[in-house]
Amino acid sequence: MADKSAKSNSHEGATAGEISALEEAFRKFAVHGDTRATGKEMHGKNWSKLCKDCNIIDGKNVTTTDVDIVFSKIKGKSVRTITFEQFKEALQELSKKRFKGKSDEEALQEMYKLIEGKGPGLTGVTKTVASPTVSRLTDTSKFTGSHKERFDASGKGKGRAGREDLVDNSGYVSGYKHAGTYDHKVQGNK
C-alpha cells in the first residue's frame, strides 16, 4: 500500500508542469462556445470536442461512443458537467483504451501530451467578410434617423430601449409645453 502512494506522489511531482498545461487546455475547451462558462466545469459537448480536436478519438481503439460513455460514467447523476479532477479521471479511463500496449502510467502521459497546449479548433466556422460594403453597412456612427437612436455613442446597441417607443404615462400629449403646471395653476386660483 505504501508503494502505491509513493508511485502516485512521484507521478504528481514529475508532471507538475504538465498538469498546469493540461489545466489550461481544459479551461480553453470548457469556455468554448459558452459565454457564461467559468472554465471550472466542462459540458459533454465540449468534452467531445476536446477528444476530437486533440486526436484522442482514433476511430479504432477510442470512438465517439466510448468518449460519451466515459463522460456519463464520470459525471454525477444529476449533473451535466465535469470538474478538472473528474476530467483527469476520464482521461485515465480513456488512456487505457487508447494506448493498450503501454502501462497505465505511460498511457496517461501519452494522453496528456495529446492535450497539452491545445485549444478548440475553429474549423467550419463562418468568417466575417472584410469588404468596404459590409463595413459601411455595419458602422453605427454613420446611421441616421430612427436607426441612429438604437445605438449609443460607442456603437453598442441600446436593446429594447432603442427599439420600442417607450410610453409616457404622465397624462400629457407629447410635445405639450406646459406639462406639470396644472397643480400650480389650480392651487394659485384658490
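In the stretch 46-142, carbon and sulfur make up what percent of the accessible area (probe 1.4 Å)? The partial results should precede the final answer.
Details: 3110 of 6000 Å².
Exposed carbon and sulfur together represent 52 percent of the surface.
Can you compute 3J(HN,Hα) from phi for each residue in the stretch 178-187, using the Karplus curve 6.51 cos²θ - 1.76 cosθ + 1.60 with θ = phi - 60°, rounded to whole Hz and x for Gly and Pro?
Per-residue couplings from phi come out as 9, 5, x, 9, 4, 4, 5, 5, 5, 5 Hz.
Considering only Cα-Cα distances, which of the following residue pairs are longer than 29 Å: Lys52/Lys158; Lys49/Lys102; Lys40/Lys60; Lys75/Lys96; Lys49/Lys148?
Check vs 29 Å cut-off fails for Lys52/Lys158; Lys40/Lys60; Lys49/Lys148.
Taking a 1.4 Å probe, which of Ser72, Ser154 shows the most accessible area, and what order do the others take after it? Walk me through the intermediate numbers first.
Numbers: Ser72 70, Ser154 100 Å².
Result, largest first: Ser154, Ser72.
Going by accessible area, probe 1.4 Å, with all protein chains left in place, what is the ranking of Tyr182, Tyr172, Tyr112, largest first? Intermediate values should be presented prior to the final figure.
On the way: Tyr182 145, Tyr172 80, Tyr112 5 Å².
Ranked list, largest accessible area first: Tyr182, Tyr172, Tyr112.
Between beta-carbons, use under 11 Å as the cut-off and find the net charge around Arg27, counting Lys and Arg +1, Asp and Glu -1.
Values: positive: Lys28, Lys40; negative: Glu23, Glu24, Glu41.
The answer is -1.
Using each residue's phi in the stretch 78-84, evaluate 6.51 cos²θ - 1.76 cosθ + 1.60 at θ = phi - 60° and report the 3J(HN,Hα) Karplus result to the nearest Hz, with x for Gly and Pro.
Karplus-based 3J(HN,Hα) across the stretch 78-84 equals 9, 9, 9, 10, 10, 8, 5 Hz.
May I ask you to evaluate 6.51 cos²θ - 1.76 cosθ + 1.60, the Karplus curve with θ = phi - 60°, for each residue of the stretch 98-110 and list the ³J(HN,Hα) values in order in whole Hz, giving x for glycine and proline?
Calculated HN-Hα couplings, in order: 5, 10, 5, x, 9, 5, 4, 5, 5, 4, 5, 4, 5 Hz.
For Phe151, enumerate residues with amide H under 5 Å from its amide H, sequence gap 5+ or separate chain, H modeled in the peptide plane.
The list, which skips near neighbours in sequence, is Lys158.
Given the protein chains as shown and a 1.4 Å probe, how many square angstrom of Arg136 are accessible, to the nearest 10?
140 Å²
Equivalent ellipsoid semi-axes for the stretch 21-61, as square roots of 5 times the alpha carbon gyration tensor eigenvalues: give them largest first, rounded to whole Å. Kindly include the intermediate steps, with their values, before the conclusion.
Values: eigenvalues 82, 24, 9 Å².
After scaling each eigenvalue by five and taking roots: 20, 11, 7 Å.
The values are calculated or read from the model by the stated rules, or taken from the named source; none is laboratory data. This structure is a prediction, so every number in the text was calculated from the model and none was measured. Cβ sites come from the backbone with ideal geometry, for glycine too, and all protein chains shown count toward neighbours. Side chains included, ligands, DNA and RNA excluded: accessible areas come from the protein's heavy atoms. Shrake-Rupley method; radii C 1.70, N 1.55, O 1.52, S 1.80 Å.
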